Amino acid sequence: MSILEVRDLTVTFPGGIQAVRGVSYDVAQGEVLGIVGESGSGKSVTSLAIMGLLPQNAVVSGSVKLHGQELLGMDEGELTRVRGKAISMIFQDPLSAFTPVYTIGDQIAEAVRVHQKVGKDKAAKRAVELLDLVGIPHPDVRAKAFPHEFSGGMRQRAMIAMAIANDPDLLICDEPTTALDVTIQAQVLEVLKTAQAETGAGIVMITHDLGVIAGMADRVLVMYAGRPVEQGVVDDIYYRPRMPYTMGLLASIPRVDGEQDTLVPIEGNPPSPAALPPGCPFAPRCPMHIDACDDEEPPLTQIGGGRYVACIRSREIEHKGMTGADVFPVPVIPPSDVARVPREERETVLELDNLVRHYPLMKGAVFKRRVGTVHAVDGITFDIAEGETLALVGESGCGKTTTLQQIMQLTPPQSGRVVVLGKDSSKLDKAARKALRGDLQIVFQDPMAALDPRMPVGDIIAEPLRAHGRKNVPQRVAELLTLVGLAPEHAERYPQQFSGGQRQRIGIARALALEPKLIVLDEPVSALDVSIQAGVINLLEELKNRLGLSYLFVAHDLAVVRHLADRVAVMYLGRIAEIGAVENVYDRPAHPYTQALLSAIPLPDPEMERSRKRILLEGDLPSPADPPSGCRFRTRCPKFARLSEAEKRRCVDEEPSVARLARAKDHGAACHYAEEIEVITASEHQEEQ
Amino acid sequence: MRSKVVLGRLLRNRQARYGGIALLLLIALAYIGPYLGAYDWTDKDFLAFLSPPDADHWWGTTSIGQDMYAVTLRGMQKSIVIGLLVALFATGLAALVGAFAGYFGGWVDKLLMWGVDLLLVLPSFLIIAIISPRLRGASWLWFVVLLAAFAWMITSRVVRSMTLSLREREYVQAALYMGIPRWKIILRHIVPNLSSLLIIDATLNVSGAVIGEAALSFFGFGIQPPDVSLGTLIAEGARNATGYPWLFAFPAGLLVLLVLAINLIGDGLRDALDPGSNS
Ligand code: SF4
Ligand code: SF4
């Protein structure tokens, strides 16, 4: 029996912009439907329309039936009764869902009382029960806390608690874990599964992350340009996609298990809803495009048991058993010359030696006084050889951004040394620092924020050239634009006129302008959609090989890191937990934190996801103003819990430093009891063996 | 590249084109117009005191028989120059002081803002009263400087606070990491991103200066009788605006036209500088 039936839902915004153009689906009791799509595909608008939460001027048509009862056109009062009782929604940003001035407990109790006739005490008790259910420690105490006193992960849990307060039949989750770190994401997904088991609700899970969907969903709906283009059982979609867009999407995601060599990007950008191509909306980007595709938009047609595809060539794809790599051209990336020389013989381009950066923690508005010290970076050491990519990974608050700023500033650090291309940053004078800046460049995370909106692209790229007095600026700008895959004519346009991926390319062109030796990449692809991301990753890889660059790559996405980096350093609370060659760290992580991190990353592989065993971490990152004594990770370390009292003493008293592991050449971990195990593909099954 | 692109966009902008044409016409009127009239602005027609507009005196005459047409245009010559220069100086100063204070912070900020606050609390007429005897008979450029000196402080405070947030933008950091000197970052990345505010401020300053100049003339400073300006004409005409409307209507009308033209140019410039608008 389906709980929710959506038929031919369309949403039109003023100006005739159709954000959703005919979406139909069913959700059954206890079923999880995953909706995937890139930004602008209409996936979120669809769910807002179902909840009746769109602004007044949006025109919604079609039909949305909950238990056979039509929701569209229902008057506001009745809709409010349905909302929160029969359907609840979980948003990406839980902070906006809570009123800042009431306690979390009160707000959950309120949600209970709105829809159920229970007394105040009983509602409060229920709130505590719910908080306990979603795994909030000391729920009775935490219920009295205000939303801002909760961390991001905790807030998301509280939001889930509120959403299931009235035993809803349907939960709509809109990117519920996108804003969270991986280990927290794993926790929250676990909670969602618990919540579903508890309530037996159907779930609509909207996300751009194909890994999350693979682990959660029973069925998947792929959306593109406001329409579903493929729908089916999760295994069918992942293993036997029949629509070129789905195929490309799956081939373009980097995987943390390193299953693929080169990522397959989908060229071009999604069409704007105001200017859709005449036939198939994917036609301009589709390598299988034939003339007949432009005649009319292919309808979503059924091709056997519960499979729907909107592509006129789906039968052919089915027949020939094609995959994404067959359909999309696999880019060829030239190998690097430098990499053939053994690492020890290459020049060192960057060396950090025991770098420390502490911030004073101030309090008071008028008379500031120091109340403590934030240990943002607390003694880290690593080096990067020529032609190498070192990735610095860790969750938010681990100190990776501070490290990066310290390097970029080229000023003497508080303690320790930063040596760029053999030059110590504490011994630079003004002229030498400026000269060195030419060899050290940066690409920022948010390509919109990093480009001056009031400057034409040509000026943006020319700026470093002019600042360093280079000749032939216009010619060089044209060269650089071509190098990153843009046209020289683009120089006269402003950054707004480009899509996210193109803007990031402009950022890369600017970083390359002075022919630097080392480029610092600050989360260069995390703000981009998956299909665009692949193209930028490939570009970075190609440039590195062609120009002999070295990268310091700061990221939180371990799958991207595996793809791009040669070596990886995992940071936790201002220190390095584990460092080594990518294969070593990913295949045989030795530090409990790395193990947890790697096992938390969802794989875009439903079968593996189902059998995978996760190492879940408890709690949140401790405050860097007050790191635990001894090993900083001990408050969350799953291994610590299993140690004997005597062994525990060592973790509490003695801070471990990075020690090279006996078996590998390039692999070290900062744990007293380091032990290499395999976690990415680890399953229950293996455990038994 | 930027100047070329902006200029191209400005020329294509319809508002800016109309504004520019209007301003050119007004300037032509101010400087060529007097040759077309029958009277010189110093002439006094003793046969016609306070006569309404007619074929002889196109815009009427004043209480001492001056031809309004000639007098108004004479006044406008001064006012256009003063208005434009004051706006340029005041807004430019506001932008520079605010942006430097906001970007550098620390003691630069403290010092500059201390200066701004001092100028804000000191009553301006007091200063003028002290300075004016010394400047009597000096060039009218001093007058522009003085007018501008009292018109920039509040804007510079606004600019400073906007700079504080712009300073944190990644593109400003990016410029720093490229090795671009800080003063250049301010001129190239901070000030252009404040252009909407600055342009509005400058257009307001034009009319403010024309009117403010009349107030200053009260202190026996700036434009002195028998010389005239739009400001002094409006101030005088306003007293008798109901009885002898032509004394007020013509100078005031020209001021409105001038401000309108400047506003159109300002709007066009803002659009040309703002890549978000598709003109
Ligand atoms: S209908 Fe044509 S253009 Fe559209 S996805 Fe299929 S093959 Fe590609
Ligand atoms: S040193 Fe102890 S607490 Fe730290 S990671 Fe190793 S086992 Fe865990």
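The values are calculated or read from the model by the stated rules, or taken from the named source; none is laboratory data. From a predicted model like this one, the values you see are computed outputs, not experimental measurements. Glycine also receives a Cβ, built like all others from the backbone with ideal geometry; neighbour counts cover every protein chain displayed. Side chains are part of the model used for accessible areas, which takes the heavy atoms of the whole protein and leaves out ligands, DNA and RNA. Shrake-Rupley method; radii C 1.70, N 1.55, O 1.52, S 1.80 Å.
If a residue has to be open to solvent by 10 Å² or more (accessible area, probe 1.4 Å) and of a type in the set (G, A, S) to count, how many in the range A:566-585 make the cut? Summing the residues that are open to solvent by 10 Å² or more (accessible area, probe 1.4 Å) and of a type in the set (G, A, S) in the range A:566-585 gives 1. A:L436 meets each of the listed conditions (1) facing chain B (nearest Cβ under 10 Å); (2) touching a residue at least 12 places away in the same chain (Cβ under 8 Å); (3) in contact with a helix residue (DSSP H, G or I) (Cβ under 8 Å, 6 or more places away or on another chain) apart from (3). For residues that are open to solvent by less than 60 Å² (accessible area, probe 1.4 Å) and charged (D, E, K, R), scanning just the range B:152-171, find the one that is nearest to the other protein chains (Cβ to nearest Cβ). Ranking the candidates gives B:E170 first.
Answer yes or no as to whether A:S63 is surrounded by fewer than 16 Cβ atoms within 10 Å (Cβ to Cβ), in contact with a Lys or Arg (Cβ under 8 Å, 6 or more places away or on another chain) and among the hydroxyl-bearing types (S, T, Y). When the stated conditions are applied, A:S63 passes them.
Tallying residues that are without any contact (Cβ under 8 Å) to a residue 60 or more places away in the chain and open to solvent by 20 Å² or more (accessible area, probe 1.4 Å) within the range B:30-41 yields 8. Set side by side, the residues A:R614, A:R660 differ, and just one is surrounded by 14 or more Cβ atoms within 10 Å (Cβ to Cβ) and either away from ligand 2 (no atom under 16 Å from the Cβ) or at pLDDT below 85 (or both), which is A:R614. Of the residues in the range A:548-556, at least one is within 30 Å of A:Y238 (Cα to Cα), away from ligand 1 (no atom under 16 Å from the Cβ), open to solvent by 10 Å² or more (accessible area, probe 1.4 Å) and not assigned by TED's automatic domain parsing to the domain that holds A:A669.
In the range A:344-365, is there at least one residue being more than 12 Å from ligand 1 (Cβ to nearest atom), assigned to a helix (DSSP H, G or I) and open to solvent by 70 Å² or more (accessible area, probe 1.4 Å)? Yes. Somewhere in the range A:473-495, is a residue at the interface with chain B (Cβ under 9 Å from one of its Cβ atoms), open to solvent by less than 60 Å² (accessible area, probe 1.4 Å), among the aliphatic types (A, V, I, L, M) and within 29 Å of the chain's Cα centre (by Cα)? No, there is no match, as no residue in the range A:473-495 is at the interface with chain B (Cβ under 9 Å from one of its Cβ atoms), open to solvent by less than 60 Å² (accessible area, probe 1.4 Å), among the aliphatic types (A, V, I, L, M) and within 29 Å of the chain's Cα centre (by Cα). With respect to being among the hydrophobic types (A, V, I, L, M, F, W, C), closer than 30 Å to A:V220 by Cα and surrounded by 21 or more Cβ atoms within 10 Å (Cβ to Cβ), A:A600 fits the description. In this structure, does A:D235 turn out to be farther than 30 Å from A:P287 by Cα, among the charged types (D, E, K, R) and not assigned by TED's automatic domain parsing to the domain that holds A:A275? It is false that A:D235 is farther than 30 Å from A:P287 by Cα, among the charged types (D, E, K, R) and not assigned by TED's automatic domain parsing to the domain that holds A:A275. Of the candidates A:R650, A:R632, the single residue that is open to solvent by less than 30 Å² (accessible area, probe 1.4 Å) and within 13 Å of ligand 2 (Cβ to nearest atom) is A:R632. Scanning the range A:79-134 for residues being out of contact with any Phe, Trp or Tyr (no Cβ under 9 Å at 6 or more places or on another chain) and hydroxyl-bearing (S, T, Y) gives a total of 4. Per the listing A:S314, A:S336, the residue uniquely surrounded by 14 or more Cβ atoms within 10 Å (Cβ to Cβ), away from chain B (no Cβ under 14 Å) and within 11 Å of ligand 1 (Cβ to nearest atom) is A:S314. When A:S629, A:S657, A:S599, A:S644 are screened for being in contact (Cβ under 8 Å) with a residue 60 or more places away in the chain and either within 16 Å of ligand 1 (Cβ to nearest atom) or of a type in the set (S, T, Y) (or both), only A:S599 passes. Taken over the range A:11-20, the criterion of being under 29 Å from the mean Cα position of the chain (by Cα) and either at positive phi or open to solvent by less than 30 Å² (accessible area, probe 1.4 Å) (or both) is satisfied by A:V11, A:A19, A:V20.
Within the range A:635-646, the set of residues being more than 7 Å from ligand 2 (Cβ to nearest atom) and either in contact with a Phe, Trp or Tyr (Cβ under 7 Å, 6 or more places away or on another chain) or not charged (D, E, K, R) (or both) comprises A:T635, A:P638, A:A641, A:S644, A:A646.
For the range A:499-535, enumerate the residues that are assigned to a loop (DSSP other than H, G, I, E, B) and more than 11 Å from every other protein chain (Cβ to nearest Cβ). Residues satisfying the conditions are A:S499, A:E515, A:K517, A:E523, A:P524, A:V525, A:S526, A:A527, A:L528, A:D529.
Please indicate, with yes or no, whether at least one residue in the range A:72-91 is open to solvent by 50 Å² or more (accessible area, probe 1.4 Å) and at positive phi. Yes. Regarding A:G619, is this residue on the phi > 0 side of the Ramachandran plot and either more than 16 Å from ligand 1 (Cβ to nearest atom) or modelled with pLDDT under 85 (or both)? So A:G619 passes the test. Selection of the range B:1-25 for residues being buried (at least 17 other Cβ atoms within 10 Å of the Cβ) and at the interface with chain A (Cβ under 9 Å from one of its Cβ atoms) yields B:M1, B:R2, B:V5, B:V6. Selection of the range B:45-85 for residues being free of Cβ contacts under 8 Å to residues at least 12 places away in the same chain and open to solvent by 50 Å² or more (accessible area, probe 1.4 Å) yields B:D54, B:A55. Taking the condition touching a helix residue (DSSP H, G or I) at 6+ places or on another chain (Cβ under 7 Å), crowded, with 20+ Cβ neighbours inside 10 Å, within 17 Å of A:Y551 (Cβ to Cβ) and within 14 Å of chain B (Cβ to nearest Cβ), does A:V443 pass? Yes.
The single condition among (1) within 14 Å of chain A (Cβ to nearest Cβ); (2) buried (at least 20 other Cβ atoms within 10 Å of the Cβ) that B:P181 does not satisfy is (2).
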